[in-house]
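Peer 1: I'd like to ask some things about the structure below.
The values are calculated or read from the model by the stated rules, or taken from the named source; none is laboratory data. None of these values were measured; they are calculated from a predicted model. Neighbour counts run over all protein chains shown; Cβ positions are idealised from the backbone, glycine included.
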Amino acid sequence: MHENYRELIWTLAKTDFKLRYHGSVLGYVWAILKPLLMFLILNFVFSSIFNPKNSGIQHYSLQLLTSIMLFNFFSEGTNAGLASLIQKSTLVTKIYVPRWTIIVAATLNSLLIFLMNLIVIALFFTWYQFWPGALPIATFCYYIFLTYLVILGFSFVAAPFFVRFRDLTQIWEVVTAAMFYASPIVYPLSILPEQYHQIILANPIAYIIHFTKMALTENHYAPWWQNLLFTGAVVVFFAAGILVYRKMEAKIAENI
Amino acid sequence: MNNENNVAIAVNNLSKTFKIPHNRISTLRGAFVSAFKNKAYEKFKALDKVSFEVKKGEFFGIIGRNGSGKSTLLKLLASIYTPDTGRIKINGRVSPFLELGIGFNPELSGRDNIYLNATVLGLTRKQIEEKFAKIVAFSELERFIDQKIKNYSSGMQVRLAFSVAIHANRDILLMDEVLAVGDTNFQQKCLEEFNKYRKQGRTVILVTHDMGTVQRHCDRALLLRNGKVVLIGNPLKAVEKYVNQNMSDEENRIEKNSENTENNNSAAEPPSAPVSAGKTTNPRPKKAAKITRVTFLDKNGKPKNVFGTGEDIIAKIHYQSNKKILKPVVGIAIYTQGGIHLTGPNTRTSHHLIDKMEGKGSLDFVIKNNPFYSGTYALTVALYDWECVHPYDIKDRAYQFKIFSKEENQLGTIKLNHLWKN
């Protein structure tokens, strides 16, 4: 029905962007400011409470910044995807638009913001005069891609569910808050006893954040088979998301 | 097959039922709690085995009362809902115009909304840029195109939305009662566009309550009632059937109402509640005589509350007099719903002498060939003595009758017998 899926998604995303930031530079600056401020506060707090260098952690600040930005991407992306169908409810109830384009467009917004945040990360790395090599950067990009897959997979399921159950946002808020502390963002994984590592790393975001940190700052990578397994898990999750979405798609308009 | 190519839309045995839960559960918490209770819900059958075809280039009207399933049908045709049973086959692309400004975002300018709306309707960016000037020109909103939509009036929004829908290059146009918002110039423009559409072999489906448009412009029409197809075909026949159904529905409703108020009336003495918003004045503390009941009948004596223009109307006035009254005068007055006094003869001015009134009786007021156009009219009935100074009873605008007219052009309140002459 639409030859212009790509344009449709792009237009929807642009519209969202314009609406949220009123087409102003100040609006965009605020989008960056949020994770940045968080970083500054946490950096200050934890550097004062305990000196990371004593635990053998180099480049704590860089790790913290990257982790926060990544987690922020995940949090904003899933929240945007979750609420997208309700937010664009007029579009859903008055005309046929493939619902998935709405969901994808909503997550694109967060991706855009994150990509712009990368500039800030790059600036910080320059400030600290630390340059990761090609492999770490490639790994980083790869993990970013996987994060986006997780966000999309989640949104495909959450958005139709949210139409039906409106308290999903509150539940998800609590879950993301828990995930923040369950992931090695403000602390390194090494602080925890060995037997808990596997459990923590079962959380995909924790896995991504931990290995991104390690790759960028310590040139330490997960074994290739582990990465393969992880990728497989993410892909399966994504596919499952699409399947669930397919099942729920028909009733979306009625339930809004 | 040749036949296949002629058909724009083929609907076969379409049914759609909505489950309406008695308690709408909209939270996960609620779902957990109610999982252990019996979930009470109603099934509402919006459409029941609907089948019809629309040929390419037709101007197809869909009419029916509110709740008959028209909007549900359109949403199914636009793929917003999915059918429970039955099939919809659509040959070509659909441009729905179901409500004001599909996907219009009030915080964005008209320009941005055109881009958004047109993209949603399937145009590529290049196509939109090419057509932009034409879209704005058609909507006559050049001066306001960069203002936010929330500042537009509803008429402006319709013009913009319609302009985009028209230029979206699609084969089938679905319209749902939106044209009523525009002024007559706009409606004229729309009808011209529809005609252009048809000449290009494109199809227009219009849901409307404007019977005039259906009769004058539609090729064929579909009448829906309670989710079922009543009639498909000649638009004049469809409108006639629709009006007739409405008349009998009104009859039933008024009958039910007056049954209720009669029960109330007979229980207590006035001041009681009359059917309409009229007052009952009791000028004399002791009632020597009163008007007990007024019923409306057709020319065969059958009780009726809803008449067509030109029919005979008989108002049977029942009275009761507790003492012998010589030469009483009965008068009536007819008011429009807006309170305009149309006429008000009484038996004295009409030279119909009533000798006396004693006990119970009735008097008929006969209107032959009523000239009234569609509307609700109120009747006052009063009982006076011969000098018309002291009223025995006045039931001011206490009785209602309705006129449902099939006349095509109803200009004004009454239909006057007239001639034009050079």
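Peer 1: When the residues of region B:363-377 are filtered to those that are at pLDDT 90 or above and in a strand (DSSP E or B), which remaining residue is farthest from B:I254 (Cα to Cα)?
Peer 2: B:L363
Rundown of residues vs (1) farther than 18 Å from A:V150 by Cβ; (2) among the hydroxyl-bearing types (S, T, Y); (3) in contact (Cβ under 8 Å) with a residue 60 or more places away in the chain, yes/no style:
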site: A:T169; (1), (2), (3): yes, yes, yes
site: A:S183; (1), (2), (3): no, yes, yes
site: A:L192; (1), (2), (3): yes, no, no
site: A:Y196; (1), (2), (3): yes, yes, no
site: A:A202; (1), (2), (3): no, no, no
site: A:Y207; (1), (2), (3): no, yes, no
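Peer 1: On to the next question. So if I check each of B:K55, B:K49, which one is touching a Ser or Thr at 6+ places or on another chain (Cβ under 6 Å) and in contact (Cβ under 8 Å) with a residue 40 or more places away in the chain?
Peer 2: On the way: B:K55 fails: touching a Ser or Thr at 6+ places or on another chain (Cβ under 6 Å).
Selected residue: B:K49, the only one of B:K55, B:K49 that is touching a Ser or Thr at 6+ places or on another chain (Cβ under 6 Å) and in contact (Cβ under 8 Å) with a residue 40 or more places away in the chain.
Peer 1: Take region B:285-303 and flag every residue that is modelled with pLDDT under 85 and either of a type in the set (K, R) or touching a strand residue (DSSP E or B) at 6+ places or on another chain (Cβ under 6 Å) (or both).
Peer 2: Applying the first criterion (modelled with pLDDT under 85) to region B:285-303 yields B:285-288.
Within region B:285-303, B:K286, B:K287, B:A288 meet the criteria.
Peer 1: Next question. Among the candidates B:T208, B:T213, single out the residue that is crowded, with 17+ Cβ neighbours inside 10 Å and touching a strand residue (DSSP E or B) at 6+ places or on another chain (Cβ under 7 Å).
Peer 2: None of the other options fit; the residue is B:T208.
Peer 1: Any chance region B:63-71 includes a residue that's closer than 18 Å to B:D171 by Cβ and touching a strand residue (DSSP E or B) at 6+ places or on another chain (Cβ under 9 Å)? Can you show your working first?
Peer 2: At the first step, the residues of region B:63-71 found to be closer than 18 Å to B:D171 by Cβ are none.
Checked against the condition, which is being closer than 18 Å to B:D171 by Cβ and touching a strand residue (DSSP E or B) at 6+ places or on another chain (Cβ under 9 Å), region B:63-71 yields no hits at all.
Peer 1: Sticking with this one: Answer with yes or no whether A:P204 is within 15 Å of the chain's Cα centre (by Cα) and not aliphatic (A, V, I, L, M).
Peer 2: On the way: within 15 Å of the chain's Cα centre (by Cα): yes; not aliphatic (A, V, I, L, M): yes.
Yes: the conditions hold for A:P204.
Peer 1: Please count how many residues of region B:139-176 are surrounded by fewer than 17 Cβ atoms within 10 Å (Cβ to Cβ) and of a type in the set (D, E, K, R). Reasoning before the result, please.
Peer 2: Pass one, region B:139-176, residues surrounded by fewer than 17 Cβ atoms within 10 Å (Cβ to Cβ): B:140, B:142-143, B:146-148, B:150-151, B:153-155, B:169.
So of that shortlist, the ones also of a type in the set (D, E, K, R) come out as B:140, B:142-143, B:146, B:148, B:150.
The qualifying residues number 6.
Condition check ((1) away from every other protein chain (no Cβ under 14 Å); (2) assigned to a helix (DSSP H, G or I); (3) touching a residue at least 60 places away in the same chain (Cβ under 8 Å)) across all residues:
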position: A:N79; (1), (2), (3): yes, yes, yes
position: A:L85; (1), (2), (3): no, yes, yes
position: A:N109; (1), (2), (3): yes, yes, yes
position: A:I113; (1), (2), (3): yes, yes, yes
position: A:I119; (1), (2), (3): yes, yes, no
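Peer 1: Hey, A:R99 hits all of (1) among the charged types (D, E, K, R); (2) more than 30 Å from B:N169 (Cα to Cα); (3) at pLDDT 85 or above but one; which does it fall short on?
Peer 2: Failed condition: (2).
Peer 1: What residue, of B:T119, B:T124, is in contact with a Leu (Cβ under 6 Å, 6 or more places away or on another chain) and among the β-branched types (V, I, T)?
Peer 2: Values: B:T124 fails: in contact with a Leu (Cβ under 6 Å, 6 or more places away or on another chain).
When all the criteria are applied, what remains is B:T119.
Peer 1: Of the conditions (1) buried (at least 22 other Cβ atoms within 10 Å of the Cβ); (2) part of a helix (DSSP H, G or I), A:V97 satisfies every one except a single condition; which number is it?
Peer 2: (2)
Peer 1: Within region A:17-40, track down each residue that is modelled with pLDDT of 85 or more and either part of a loop (DSSP other than H, G, I, E, B) or more than 16 Å from A:I119 (Cβ to Cβ) (or both).
Peer 2: Scanning region A:17-40 gives A:L37, A:M38, A:L40.
Peer 1: So is A:M214 in a helix (DSSP H, G or I) and surrounded by 15 or more Cβ atoms within 10 Å (Cβ to Cβ) or not?
Peer 2: Numbers: in a helix (DSSP H, G or I): yes; surrounded by 15 or more Cβ atoms within 10 Å (Cβ to Cβ): yes.
Yes: the conditions hold for A:M214.
Peer 1: Only one of (1) more than 14 Å from chain A (Cβ to nearest Cβ); (2) within 30 Å of B:L191 (Cα to Cα); (3) free of Cβ contacts under 8 Å to residues at least 40 places away in the same chain fails for B:K37. Which number is that?
Peer 2: (2)
Peer 1: Output the residues belonging to region A:160-189 that are within 16 Å of the chain's Cα centre (by Cα), away from chain B (no Cβ under 14 Å) and not in a loop (DSSP other than H, G, I, E, B).
Peer 2: A:T176, A:A177, A:A178, A:M179, A:F180, A:Y181, A:A182
Peer 1: Can you spot a residue in region A:91-98 that is aromatic (F, W, Y) and either more than 14 Å from chain B (Cβ to nearest Cβ) or farther than 23 Å from B:F104 by Cα (or both)?
Peer 2: no
Peer 1: If you don't mind, there's one more thing I want to ask. Of all the residues that make up region B:334-362, how many are assigned to a strand (DSSP E or B) and touching a residue at least 60 places away in the same chain (Cβ under 8 Å)?
Peer 2: 5
Peer 1: Going through B:F97, B:F104, B:F60 one at a time, which residue ends up being of a type in the set (F, W, Y) and more than 13 Å from every other protein chain (Cβ to nearest Cβ)?
Peer 2: B:F60
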